[in-house]
1. I need the full set of residues from the range 135-182 which are in a helix (DSSP H, G or I) and β-branched (Val, Ile, Thr), in order please.
2. Looking at the range 179-208, which of its residues are touching a Phe, Trp or Tyr at 6+ places or on another chain (Cβ under 7 Å) and open to solvent by 10 Å² or more (accessible area, probe 1.4 Å)?
3. Open to solvent by 50 Å² or more (accessible area, probe 1.4 Å) and outside any loop (DSSP other than H, G, I, E, B), is that true of residue 712?
4. Which condition from (1) touching a residue at least 24 places away in the same chain (Cβ under 8 Å); (2) more than 30 Å from residue 793 (Cβ to Cβ); (3) more than 26 Å from the chain's Cα centre (by Cα) is the one that residue 422 breaks?
5. In this structure, does residue 781 turn out to be open to solvent by less than 20 Å² (accessible area, probe 1.4 Å) and at positive phi?
6. Taking the range 801-815 as the search range and keeping residues that are more than 16 Å from the ligand (Cβ to nearest atom) and open to solvent by less than 10 Å² (accessible area, probe 1.4 Å), which one is nearest to the chain's Cα centre (by Cα)?
7. Report, by residue number, each residue of the range 671-692 that is open to solvent by less than 10 Å² (accessible area, probe 1.4 Å) and more than 14 Å from the ligand (Cβ to nearest atom).
8. Just checking: which of the strands (runs of 3 or more DSSP E) contained wholly in the range 465-581 hold 3 or more residues that are open to solvent by 10 Å² or more (accessible area, probe 1.4 Å) and out of contact with any Ser or Thr (no Cβ under 8 Å at 6 or more places or on another chain)?
Amino acid sequence: MADHEPHKIKTVRLLDFPTYDQRKKYLAAAHFNVFNLTPSQVAFDMCSFGTSASSQEQLAGQLIGDEAYAGSRNFEALEGAVHQVLGHTYVCPTHNGLGATKLVTSTMVPPGSVLPSNARTKLDVLGPMKIRYPDVRDHGATVFTGNVDLTKLKTILGAEPVALVGLQAFADGQNPFSLANLRAVRALADAHGKRLICDGSRVIENAWFIQRHEPGQADRRIADIVQQIVKTCHIFQLDGAQDPKCNTGGILTTDNPDDHEKFRNEVVVFEGLHTYGGMAGRTMEALARGLLEMCDEDEVHWVMHQTERFNQRLVDAGVPLERGCDGAYLRADAFLSHLDDHTQDTLSAALYLMSGVRATAHGLAGRDRMVPVQIPRLAMMNEQLDQVADAIIALFEQRDLVHALKATREGHWRDQLEYHWVYPDLEPYDFDTFPYEIHTLEKVGVLTRGQRREAIRAAGYNTFLLKSADVTIDLLTDSGTSAMSADQWAAYDGARASATTSDEYLAMVAKLREVTGYQHIIPTHQGRAAEHILSQICIEPGQLVPGNMYFTTTKLHQELAGGVFVDVIVDEAHDPESDFPWKGNIDLGKLRTLVGEHGASEIAYISFEHSVNMAGGQPASMDNMKEVYEYCSSVDIPVFFDATRFVENACLIQQRDERYRETRIRDIVAEMMLYGDGCTVSGKKDFLINIGGVLCFREDGDLAEEAREMLRVYEGNVTDGGLATADLAAITRGLEEMLDDRYIRSRVRQTQYLGKLLLDAGVPIVTPPGSHAIFLDAKRFLPHIDQDQFPAQRLAAEIFVETGVRAMERGNVSKGRNPETGENYRPPLELVRLTIPRRVYTNDHMRAVAEGIARVHERREEIRGLAFVYEPEKLRFFQARFEPVDAMLGRHEG
Ligand code: P61
């Protein structure tokens, strides 16, 4: 069983969570028919049609070629994918599944003829075409409920003008057929000289069901079963919006050149030329790529695991449903058994009113009594699905309060219906989860344990030197690794590049002024560039720079400017076992002593970091920032924040300081920034972007001018700092998204979830868990390894071998050597950092990480230390190479 997604999140689409009052308003405006609501009025849209997350390759494919006329290369790609995955020779493209149906009926099913099928819903369109579609599904079947009743089919074949025999994979979303039945249907069709056509829009789900439940099929691959299904049919049709995770598109495939000739000649009438069939070139490309990906065993198993889990949660709570291949199909009549009429739409309306979840039946009004709650493929996380299930369960518990919708406008199709409703008094269900869905995803590395052992050896036991593609869950850094949102991409795409002043620059300045309250906003290409400039303009050689623990680049630039970093963080920060909630605080006593000893003029400025990285992502308290600033103002020492993780610090203030429980994150941030004179920021963290930084000054225009002088020399224009205009646009959008309370809480909670799992497993970590990372305490994890044999470095390597998780050493290797003694510093904290990228991983990934590390912990005694085989002079941790001491001993002894 898959225990986490075989992919990570590449881009996200933000979700809206309308309030109860808004939902009342929207629903009334929609005439109480949830079909009329738009996604921005909905919290979770439980529909699997054209709503899948796509792969980054599909997304990229949208920009390739995109020509849709004779001989387009996108069509060639589609043909290639069909040959490879489905195995049929001929491909006729159509604009979607309906287009394929139309093509088949107009070429092969004359009016008045009959198309028996095991499915209903998608076939209702045949009614208006005067084609009958008798139901031949075996209603007595218990496992393969989509199997055809062969006797019934035979009778119809003998008695009626059958044009084609129809089959649907996972008919109506609930009824899979078996390979044995498929073969029998084919034989029967052949015996009567009829063609068998299969709608395989959900062929993957059906193949999975066969793999799981049909005797003798368990060891076959999904890809194999899919091809057998296709090849058993004369004609195969597929809606691109289903299994290939496209947003539209369709195909009709066959091995029969005569049939194909018919399709080719007809497709030009209704769809488009035979080489695009009414699809844009990009749709064909995305469809081709989706076809190539859809049989991926891990992905299929993950999707089906999610579906099973979702159903089970509902079943356990007694909710009446039928298991669907893509979700739970609620039995509306049983759910609202006290109502007689319009139970489906009433259930949909009540669920929306209560929670904002949209689930609705489609097609013909009154077709069946189900409300399908479908899971958009790969777009949601289990935590979100659990909450959707809980919302349904909560409604089920209040079902007696729901009264029926009253129709004010009847209709043939479900979207035509309109209602009247008196709102029931339902207890609203509030979501508290990740406020985004997965828009595109990226596959993760799948090396075997043996391959990982080889990879880490080749990387000299330095996780910095591993290839990202070999990593399963990458917790090396939260820097530049965020998943951007679709809105950020839109801003990025829409930016008009300028080598002078851009609209995007002005918008970013305005936004940052609003967020920080600082007047002078100077863009830089990333954090260390801002640190370089600040250090150069604010430090006189020999001056001291007190700060709350060092950060590598910060300290380096202070030293390059002739400054001397002095650590004035509270003592608790150096004690990994202390539970002090404000381990990022500056010890005011230490600071006063320092100023007393050296005089304020010897202090360049205070370097005050939010959510202190090297201490474990530990926050400073609001009171501490205020006190430090009061004191420093009184002695004329400027305070500059490293505000790289200031939103996370604000979130921990909201969480840990009673007085701020109800204060919005943006207001907490604004107050924090009052207690400083300026800041440097690496935007690659909280700003939710992949590149960028800023240097800001509250009001000192002279300093800003000096900074701009340097900017011109080292970075780029004063209006871009060397960043692309598009990146400025993404920053501005990110600045808005980072301040969303629901987002930042879900982020920090995810980190803390990982921390809790590790603590529960007895793994020593720095407490309390911080905001962006969990730090393993290597001294306690591997007490038998001397610090000069780099226990944290070895632990990070061992974690990779065990789990494919990449972590980062933050201990003796990172701290370096004392230039005077030549000895390693042997810092009090010998840590391994598990850093959580923003919006990239799910809680299931976090659970897998914790379980893997717990396994390493169990065999900790057999782990040995490391020795340098190559040691660079500066920032040695990036490029250093090591060998295990046991291996070296062995070599020496041997
Ligand atoms: C990180 F191993 N952090 O945490 P730049 N201030 C702070 C940072 O966390 C930070 C920078 C300034 C990184 C990347 C990194 O030795 C290392 O945009 C609090 O990276 O220039 C960066 O910002 C510098 C990792 C940097 C390292 C240096 O993963």
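The values are calculated or read from the model by the stated rules, or taken from the named source; none is laboratory data. All values derive from a computational prediction rather than experimental measurement. No Cβ is skipped: glycine too gets one built from the backbone with ideal geometry, and neighbour counts run over all protein chains shown. Surface accessibility is based on the protein's heavy atoms, side chains included, excluding ligands, DNA and RNA. Shrake-Rupley method; radii C 1.70, N 1.55, O 1.52, S 1.80 Å.
1. 151, 155, 156
2. Those that are touching a Phe, Trp or Tyr at 6+ places or on another chain (Cβ under 7 Å) and open to solvent by 10 Å² or more (accessible area, probe 1.4 Å): 181, 202.
3. When the stated conditions are applied, residue 712 passes them.
4. It fails just one condition, (1).
5. The answer is no for residue 781.
6. That would be 804.
7. 672, 673, 676, 678
8. So the answer is 564-567.
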